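The values are calculated or read from the model by the stated rules, or taken from the named source; none is laboratory data. Model, not experiment: these values are computed from the prediction. Glycine also receives a Cβ, built like all others from the backbone with ideal geometry; neighbour counts cover every protein chain displayed. Quick note on the areas: whole protein, heavy atoms, side chains included, nothing else; ligands and nucleic acids left out. Shrake-Rupley method; radii C 1.70, N 1.55, O 1.52, S 1.80 Å.
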Amino acid sequence: TRFGLILLIVAIAGLVAFRLYLPTLILNKANATLAGLRGYDGHIDSVDMHLWRGAYAINGLKLLKQKGDVPVPFVRVEAIDFSLAWIPLFHGNLSGKVEMEQPTINFVVGDTPAEGQLTIDDSWQDRVKELFPLRIARLGARNGEIHFRNYHADPPIDLVIHHVALVATNLT
């Protein structure tokens, strides 16, 4: 019995240590995944775990153009919450929900391709699948912005759409 008690305490301590390390593990994996984007550097500030609801949150996502002179990130999102969709799960469907808070997209026109950012290559879809490998039952965005910028125009142009809200369902 004493050996069983020690084994139980060690197992519980191991689970607690793993839970404490899990956000760092996911943060490192997510930043390594974003490094796979061609032409852009991706960075995430922090990760929060919400195991009781089968979720994790990414805070401070930025995608920055690697080469050229673009002063704003292509994409910036304050927070992204990835969670399991529980109701479809009870019907045998493994899917999830993605909720974005304050996403911003900056389309920039430049005199040269190095001074602009209008597209990102198709590898972003693979990066999203690595970050969240489930079918997306619901994608939501709140308080977003879309900018169309031209820093080389006289005067500089910044057309912006504020307070963008988006809901998309059943994405595969």
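Remark on the stretch 1-146: Rg and Dmax equal 19.2, 76 Å (Cα only). In this rough spin-label picture, where each label sits 7 Å from Cα along the Cβ direction, the Phe107-His162 distance is 2.1 nm. In plain terms, if you count all Cα to Cα distances in the stretch 70-134 and split them into 5 Å steps from zero, the share in each step is 4, 14, 16, 19, 17, 11, 8, 5, 3, 2, 0 percent.
Given 0.36 nm per residue, what is the gain on full extension from Asp126 to Val16 after removing their alpha carbon distance, in nm? Before the final figure, lay out the partial values.
On the way: separation 110, 0.36 × 110 = 39.60 nm, distance 3.18 nm.
Here the segment from Asp126 to Val16 would lengthen by 36.4 nm.
GNM on the chain, alpha-carbon springs under 10 angstrom: the most fluctuating residue among Gly36, Gly144, Gly14 is Gly14. Label-to-label distance, Ala32 versus Ala153, with points set 7 angstrom from Cα along the beta-carbon direction: 4.3 nm.
Within the chain, antiparallel bridges make up roughly 75 percent of the DSSP beta bridges whose residues both belong there. In the stretch 63-161, the portion of solvent-accessible area held by carbon and sulfur atoms comes to 61 percent [1.4 Å probe, whole percent, DNA, RNA and ligands not counted].
Per residue, the chain exposes 62 Å² of accessible surface when a 1.4 Å probe is rolled over the protein heavy atoms with every protein chain present. Residues of the stretch 31-62 with amide nitrogen under 17 Å from the 7 Å Cα-to-Cβ point of Glu78? Output list for this probe position: 45-48, 57-62. In this structure Thr112 has an accessible area near 60 Å², from a 1.4 Å probe over the protein heavy atoms.
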